[in-house]
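What follows is a set of notes on a single structure, which appears directly below.
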Amino acid sequence: MLTLLTAMYLVVRSASTQRTVEVTLSSTPTLRRRSRKHLRLVALMAEPIRVVVTGAAGQIAYSLLYSIAKGDVFGKDQPIILVLLDIPPMLPVLDGVVMELQDCALPLLREVIPTDEVEVGFKDIDAAILVGSMPRKEGMERKDLLKANVAIFKTQGAALDKYAKKTVKVLVVGNPANTNCLIASKSAPSIPKENFSCLTRLDHNRASSQVAIRCGVSSDKVKNVIIWGNHSSTQYPDVHHAKVDLHGAEMGVYEAVKDEAWLRGDFISTVQLRGAAVIKSRKLSSAMSAAKAICDHMRDIWFGTKEGEFISMGVYAAGNSYGVPEDLIYSFPVQIKNKTWKIVDGLPINDFSRAKMDATAAELVEERDTALDFLSQ
């Protein structure tokens, strides 16, 4: 027992820092308190996790990397090795990103590795955030966009399968995110399908924010909005099950807003078309809000969702209770515990919602079938 120890030395080897820490335990109360503090500090010297971000020279990554490196995503006591993966022409830009990360002097950031090689990028990775994809160019048909991205995510999926840890958590951000996620997963058969998800948290956050603005409350007073389906203009932002804390009283969104026409009209179209509206104003796509949504998504995977709350994620549709075709990555309401997501089952679906859920599923089926044709070529 600690109280019986008088002048004992404890030597701990820290795997993450590769240095020896010597802690003195003493029988005097003051020194015992200090010793316990030192022991807690030793316990916090966790093994670094390896996190890869693709498209790391892009504007979303530029908004994202600082938050990851300073502990906003994986924890304030979790050391990080950041791997920055991009195409060869972007390596000089990556060098600048590395310099900036170093100049931030972030204590949790143990190493930054820039690379254009997937075998380096995905080696022993704990978390993969796949931001990079082929953007749609002027005059490009959707099938051409799908074909280009199938090639990218087939390669990255195969690299994950070969080099990453089998416990890796993979978040696909690059659009078309749902179908890119499906292709990556199919190309990594040794990694559980449940380890793959795509980002619809940005849409979820947009929906929560619109409701909050309408009700005159902060966004944290709104919970359990749902994004169903595809991360596209067919997505369905659903607030039938959402709640608002209005002046200390929790109530349904329909009751709080008291404007069904807005909730079934402009609210939905505003969320569906928000990305295009940002591009029209900024002449660039969403970056700051996308990075925030990525952080929210990955933090919830790592630490779980709050009791009684659910969030939106694009996940495998297998076994869902909502009649969604199973071989899709489809956005559902999910709850997360112990790094494992579970679709929230049994929510009542009215005819209005059913039609919109089916419409976005039909788009995903068409995307999937086109992409799988390219995958087999």
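The sole residue among Thr305, Thr360 that is touching a residue at least 24 places away in the same chain (Cβ under 8 Å), in the same structural domain as Ala242 (by the TED database) and part of a helix (DSSP H, G or I) is Thr360.
Just one of the listed residues (Asp72, Asp95, Asp77) is in contact (Cβ under 8 Å) with a residue 60 or more places away in the chain and over 30 Å from Thr370 (Cβ atoms), and it is Asp72.
Restricting attention to the stretch 108-129, the residues that are buried (at least 20 other Cβ atoms within 10 Å of the Cβ) and more than 17 Å from Ile49 (Cβ to Cβ) total 1.
Looking across the stretch 308-324, not a single residue is open to solvent by 20 Å² or more (accessible area, probe 1.4 Å), within 19 Å of the chain's Cα centre (by Cα) and within 19 Å of Thr234 (Cβ to Cβ). Number of residues in the stretch 130-160 that are charged (D, E, K, R) and surrounded by 19 or more Cβ atoms within 10 Å (Cβ to Cβ) equals 1. You will find that of Thr270, Thr305, the residue that is out of contact with any helix residue (DSSP H, G or I) (no Cβ under 8 Å at 6 or more places or on another chain) and surrounded by 14 or more Cβ atoms within 10 Å (Cβ to Cβ) is Thr305 and no other. From the list Leu160, Leu171, Leu106, pick out the single residue that is in a helix (DSSP H, G or I) and on the phi < 0 side of the Ramachandran plot. It is Leu160. Checked against (1) within 15 Å of Ser232 (Cβ to Cβ); (2) surrounded by fewer than 16 Cβ atoms within 10 Å (Cβ to Cβ); (3) in contact with a strand residue (DSSP E or B) (Cβ under 6 Å, 6 or more places away or on another chain), Ala362 passes all but condition (3).
What do you reckon, is Asp327 open to solvent by 50 Å² or more (accessible area, probe 1.4 Å), of a type in the set (Asp, Glu), over 24 Å from Val168 (Cα atoms) and modelled with pLDDT of 95 or more? It is false that Asp327 is open to solvent by 50 Å² or more (accessible area, probe 1.4 Å), of a type in the set (Asp, Glu), over 24 Å from Val168 (Cα atoms) and modelled with pLDDT of 95 or more. Residues being hydroxyl-bearing (Ser, Thr, Tyr), under 24 Å from Cys295 (Cα atoms) and without any contact (Cβ under 8 Å) to a residue 60 or more places away in the chain are represented in the stretch 210-232 by at least one member. Of the residues examined, Ser208 is not one that is among the polar types (S, T, N, Q) and open to solvent by 50 Å² or more (accessible area, probe 1.4 Å). Considering only residues in the stretch 55-73 that are hydrophobic (A, V, I, L, M, F, W, C) and either open to solvent by 10 Å² or more (accessible area, probe 1.4 Å) or part of a helix (DSSP H, G or I) (or both), the one that is farthest from Asp103 (Cα to Cα) turns out to be Ile60. Just one of the numbered conditions (1) under 19 Å from Leu375 (Cα atoms); (2) open to solvent by less than 10 Å² (accessible area, probe 1.4 Å) is not true of Ser187: (2). A residue that is modelled with pLDDT of 95 or more, acidic (Asp, Glu) and more than 18 Å from the chain's Cα centre (by Cα) can be found somewhere in the stretch 158-169.
The values are calculated or read from the model by the stated rules, or taken from the named source; none is laboratory data. Here the structure is a predicted model, which is why all the values come from computation and not from measurement. Methodologically, a virtual Cβ is constructed for each residue, glycine included, from the backbone with ideal geometry; neighbour enumeration extends over all protein chains shown. Remember, those area values only see protein heavy atoms, side chains included, never the ligands or the DNA or RNA. Shrake-Rupley method; radii C 1.70, N 1.55, O 1.52, S 1.80 Å.
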